[in-house]
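The structure appears below as structure tokens.
Read the figures in this text as sums done on the coordinates, not as results from a lab. Since the structure is predicted, the reported quantities are computational estimates derived from the model, not experimental observations. When we count neighbours, we look across all protein chains shown, and the Cβ atoms used for this are built from the backbone with ideal geometry, even at glycine.
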Amino acid sequence: MEGFFIFKTFSSQQFLFSFKVEMTTLISRRFCHQPSGIKNVAVFGGGLMGSGIAQVAAQSGFNVTLVDQQKKVLEDAQKRIRQSLEKVAKKQDKVEQSEFVDSIISRIDTEQFDANKSSTFAVRPETDLIIEAIVENMDAKHKLFSVLDASASEKTIFATNTSSLPVVEIFKHVKRQSLVGGLHYFNPVPMMKLLEVVKAESTSEETFEKLCNFGTEMNKTVVKCKDTPGFIVNRLLVPYLAEAVRMLERGDAEMKDIDTAMKLGAGYPMGPFELLDYVGLDTCVAVLQGWSESYPDNPSFRVPDTMKKLATEGKLGRKRKVEKDFIVTQSNVMELRYHLDGFNPLVNYVQHSI
Ligand code: CAA
Ligand code: NAD
């Protein structure tokens with residue numbers, strides 16, 4: 001890969017389809033709100049979230065470069081994006097299905113970069129926005145942004161998709177203090193309509209407006225958030241997920257019944273265990289661990305032992321499951337059952353969940 005934005009050869013049908021996407025995007029941007037002015041986006045981290053963000057950005061007409069430290073992750077991300085686009089395409093006119101998928105994919109370039117191994121990365125000067133979706137670890141994020149700050153145009157906006165870390169802390173070493181903010185997407189990105197836009201202490205009004213407008217251009221419903229732990233959704237959601245595990249550890253109810261109860265009694269699309277499995281235990285543990293270090297007196301931030309144990313063993317849930325030749329980690333629902341075996345058999349539920 002030589003650069004960010006490569007010209008691709010289009011068939012006439014692909015060209016017509018791309019033209020239609022451009023026009024629809026242009027019309028909605030012209031008449032619905034102030035344009036963000038953003039055209040070229042680089043997404044760092046090609047995992048669960050980064051691949052979804054790259055996909056939806058490309059679907060919304062942006063040129064995207066997806067960067068990850070591992071080649072295999074980038075290959076898997078491309079498969080994941082194709083699978084998701086095929087689902088979306090099924091809802092389009094039959095004639096346009098393959099053109100739709102190919103034309104969106106043609107907007108996404110991939111590039112390999114590991115900030116642990118190299119201290120330079122050539123960010124293209126055209127890049128308007130960088131969205132970081134790498135591992136939920138402050139040191140890793142600091143390392144990446146110090147490399148990017150040295151290379152990116154001084155106009156490039158930096159955004160993080162962190163679930164829980166203070167945005168102000170993530171950007172504390174970068175020079176472009178007014179050009180930073182949080183763009184917090186939800187999993188699965190192509191399906192979830194919400195985007196939390198986070199204003200850090202140093203974020204300028206202009207940057208914040210641009211990020212909000214960019215979110216609207218990605219067809220997300222934007223909510224504005226302060227830089228507080230977990231913003232809006234995770235501050236409520238993550239302690240709830242942890243409490244579900246504690247409920248199971250205490251033996252108050254069976255896993256299946258807790259999930260059923262929250263689906264049918266509270267109207268949630270997934271029960272807490274299904275959702276834990278879906279989000280990834282590593283992310284949930286990282287979130288709770290960070291918060292319990294910062295707020296040791298808050299018992300709702302404590303990491304349940306079972307969750308910690310499974311994540312330490314690398315049992316992260318279904319997050320990496322794509323299909324056949326992809327890494328298929330076992331469901332954490334199953335792992336939780338193993339852990340608690342002996343007093344809480346959940347055989348039927350295990351079969352249902354994998
Ligand atoms: N791409 C494209 N389409 C997809 C898709 C994807 N990745 N996943 C599902 N779909 C489509 C399916 O094709 C299907 O379409 P049709 O109805 O037209 O057939 C539709 O979505 C429904 O899918 P399913 O029937 O497979 O399953 P479902 O009805 O349970 O919906 C779900 C799936 C949207 C994921 C739903 O279960 C859901 O909303 N779950 C809750 C997810 C959630 O809470 N996410 C937030 C997690 S917290 C977070 O992200 C923040 C953080 O920082 C940790
Ligand atoms: P993931 O493990 O699926 O993906 C992270 C990717 O980052 C991996 O592919 C890894 O190879 C790559 N990576 C790590 N360090 C890197 C570096 N220095 N340079 C380039 N790539 C690097 O994780 P995820 O679930 O996609 O989460 C990513 C971020 O999004 C985290 O900050 C997380 O808190 C946040 N988030 C997660 C969810 C969720 O439901 N999982 C939802 C919203 C936000």
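Observations on the structure shown:
- Under 13 Å from a label point set 7 Å out along the Cα-to-Cβ vector of MET191, no amide N atom of the range 95-114 is found.
- Per-residue HN-Hα couplings for the range 178-186 [Karplus 6.51, -1.76, 1.60; θ = phi - 60°; Hz; x = Gly/Pro]: 7, 9, 10, x, x, 10, 9, 8, 10
- Each residue of the range 272-286 is assigned a 3J(HN,Hα), and the resulting list reads x, 6, 4, 6, 4, 4, 6, 6, x, 5, 4, 5, 5, 5, 4 Hz, derived from the Karplus form 6.51 cos²θ - 1.76 cosθ + 1.60 (θ = phi - 60°), x at Gly and Pro.
- For the range 183-271, the list of trypsin sites (Lys or Arg not before Pro) that fall in a loop by DSSP and count at most 13 other C-beta atoms within 10 angstrom reads LYS193.
- Debye intensity ratio I(q)/I(0), log10, the range 12-226, q values 0.14 Å⁻¹ (C-alpha model): -0.81
- Cα→Cβ-extended label distance, 7 Å offset, between SER98 and ARG235, nm: 5.0 nm
- Fully extending the segment from SER294 to LYS91 would add 68.5 nm, taking 0.36 nm per residue of separation and subtracting the current Cα-Cα distance.
- Summed side-chain charge close to VAL189 - residues other than VAL189 whose Cβ falls under 12 Å, Lys, Arg +1, Asp, Glu -1: +3
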